[in-house]
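Worksheet for the structure shown next.
The values are calculated or read from the model by the stated rules, or taken from the named source; none is laboratory data. Not measured: the values here are computed from a predicted model. In this analysis, Cβ positions are derived from the backbone assuming ideal geometry, glycine residues included, and neighbour counts consider all displayed protein chains.
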Amino acid sequence: MFTRREILRAGAASAASTALALPPAYGAVIEKPAKLILGFVPGGSTDIVGRLLVGQLRDYASNFIVDNRPGAGGRIAVQAVKAAEPDGSILGMSPASILVIYPHVYNNLGYDPLKDFEIVCTACSVTFGLVVGPMVPESVKTFQQFVDWCRANPDKASYGSSGAGSMPHFAGVMISKGANFDFVHVAYRGATPAVQDLVAGQIAANLAVITNVLPFIESGKVRVLVTTGEKRSPFVPDAPTLSELGLKNLVAEEPFVMYMPLGTPRATVSQFSALVQKAMKIPEVADSYRKLALEPGRHQGDEARELVRRDIERWGEIVRATGFKMTE
């Protein structure tokens, strides 16, 4: 999701911090070792966020490690958390798509986000930008001009995303319906090949995390027309939000949600959430968040659970309108 340079730099620093042999913490919330299970490989965005936080949570458990279990689009890790003992020693963190969109695209998901987990808090969130490449004429400088161009060139009106069933995929659907134009989705196996084809002029546009395409924006190879957050991105402050353009209900932000197995003691959940909020205020963590264009998580406990519930309903309407289903 982020630029390669930032991923390598933050990943190396955070991995080093969690690999240090540290003396045991006294008065930790739980006495046994803790494990944060992540559904993606080391060095990716989820891994970086997880390690940044784990390195600052020794007040929760004196031994706290990251356990990467990639596969099945992150579902293997979620199922591992579901099956774990609800004693506070096992946690998961996932991009919200895995909890709020997957229930609508998989027939046999294997977990229910609201019935199988204690939703703890959001660790951070990201927004997306609609970015156009050299296939689109330089004269197209605004979102409305792009919509007009797509209507005039339906054979070229395409956008890439990091994968079928992802939040950027359905954010594109949301945009095309809201602005009333046809927009063909092209699914890629990850963000990098989607950006490569955008820069090469193989597709017209991309729904991408801004930091993924920022070097190309700065070099003038691509340009961002609009962003999907509630407020403008500090990385591209001149780009308006969809809401500013009159598409009031078209907001797409993806939080990273932290959760524990159902039945984990309420006090343990609350204490962990409070420690995460504290960690996000540590200068080292806060600075890393800013560099990676991450908005600190602001939802805890019942508020975080309600956010997941609302997003399940909201994205469900969008997914059902497309008729999209994953085949696996």
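Report, by residue number, each residue of the range 222-249 that is over 21 Å from the mean Cα position of the chain (by Cα), more than 13 Å from Ala208 (Cβ to Cβ) and not in a helix (DSSP H, G or I). Asp238, Gly246, Leu247, Lys248, listed by residue number. In the range 230-262, the qualifying residues are those that are modelled with pLDDT of 90 or more and among the aromatic types (Phe, Trp, Tyr), and the one that is surrounded by the fewest Cβ atoms within 10 Å (Cβ to Cβ) is Phe256.
Within the range 275-302, the set of residues being part of a strand (DSSP E or B) and either surrounded by 18 or more Cβ atoms within 10 Å (Cβ to Cβ) or free of Cβ contacts under 8 Å to residues at least 60 places away in the same chain (or both) comprises Glu295, Gln300.
To keep it simple, each residue is scored yes or no on (1) basic (Lys, Arg); (2) modelled with pLDDT of 90 or more; (3) under 17 Å from the mean Cα position of the chain (by Cα).
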residue	(1), (2), (3)
Leu275	no, yes, no
Ile282	no, yes, no
Ser288	no, no, yes
Glu303	no, yes, no
Val308	no, yes, yes
Asp311	no, yes, yes
Arg314	yes, yes, yes
Ala321	no, no, no
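Within the range 29-47, being within 12 Å of the chain's Cα centre (by Cα) and not in a loop (DSSP other than H, G, I, E, B) holds for Ser45, Thr46, Asp47. Taking the range 263-274 as the range and being crowded, with 18+ Cβ neighbours inside 10 Å and small (Gly, Ala, Ser) as the test, only Ser273 passes. Of all residues in the range 181-210, those being on the phi > 0 side of the Ramachandran plot and at pLDDT 95 or above number 1. Within the range 169-198, the residues that satisfy the criterion of being β-branched (Val, Ile, Thr), assigned to a helix (DSSP H, G or I) and buried (at least 17 other Cβ atoms within 10 Å of the Cβ) are Val173, Ile175, Val195.
Each residue in the range 58-95 was checked for being farther than 14 Å from Tyr259 by Cα, aliphatic (A, V, I, L, M) and more than 23 Å from the chain's Cα centre (by Cα), and 1 pass.
In the list Glu138, Glu85, Glu118, which residue meets the criterion of being buried (at least 19 other Cβ atoms within 10 Å of the Cβ) and among the charged types (D, E, K, R)?
None of the others qualify; the one that does is Glu118.
Within the range 262-274, the set of residues being small (Gly, Ala, Ser) and either in contact with a His (Cβ under 9 Å, 6 or more places away or on another chain) or in a helix (DSSP H, G or I) (or both) comprises Ala267, Ser270, Ser273, Ala274.
Out of the range 212-253, which residues are among the hydroxyl-bearing types (Ser, Thr, Tyr) and touching a strand residue (DSSP E or B) at 6+ places or on another chain (Cβ under 9 Å)?
Going residue by residue through the range 212-253, those that are among the hydroxyl-bearing types (Ser, Thr, Tyr) are 219, 227-228, 233, 241, 243.
Hits for the range 212-253 are Thr227, Thr228, Ser233, Thr241.
Find all pairs meeting these conditions: Cβ atoms under 6 angstrom apart; at least six residues apart or on different chains; first residue within the range 131-144 and within 22 Å of Phe235 (Cα to Cα); second residue β-branched (Val, Ile, Thr) and part of a loop (DSSP other than H, G, I, E, B). That search, which allows pairs on different chains as well, returns Val131/Val222; Gly133/Val222.
Restricting attention to the range 60-113, the residues that are in contact (Cβ under 8 Å) with a residue 60 or more places away in the chain, small (Gly, Ala, Ser) and in contact with a strand residue (DSSP E or B) (Cβ under 8 Å, 6 or more places away or on another chain) add up to 7.
Of all the numbered requirements in (1) at pLDDT below 95; (2) out of contact with any Asp or Glu (no Cβ under 6 Å at 6 or more places or on another chain); (3) closer than 18 Å to Leu53 by Cβ, Leu91 misses one, and that requirement is (1). Restricting attention to the range 124-132, does a residue exist that is under 25 Å from Phe64 (Cα atoms), at pLDDT 95 or above, crowded, with 21+ Cβ neighbours inside 10 Å and under 16 Å from the mean Cα position of the chain (by Cα)? No: the range 124-132 contains no residue that is under 25 Å from Phe64 (Cα atoms), at pLDDT 95 or above, crowded, with 21+ Cβ neighbours inside 10 Å and under 16 Å from the mean Cα position of the chain (by Cα). Check Tyr259 against each of (1) part of a loop (DSSP other than H, G, I, E, B); (2) more than 24 Å from Pro137 (Cβ to Cβ) and name the one condition it does not meet. Every condition holds for Tyr259 apart from (1).
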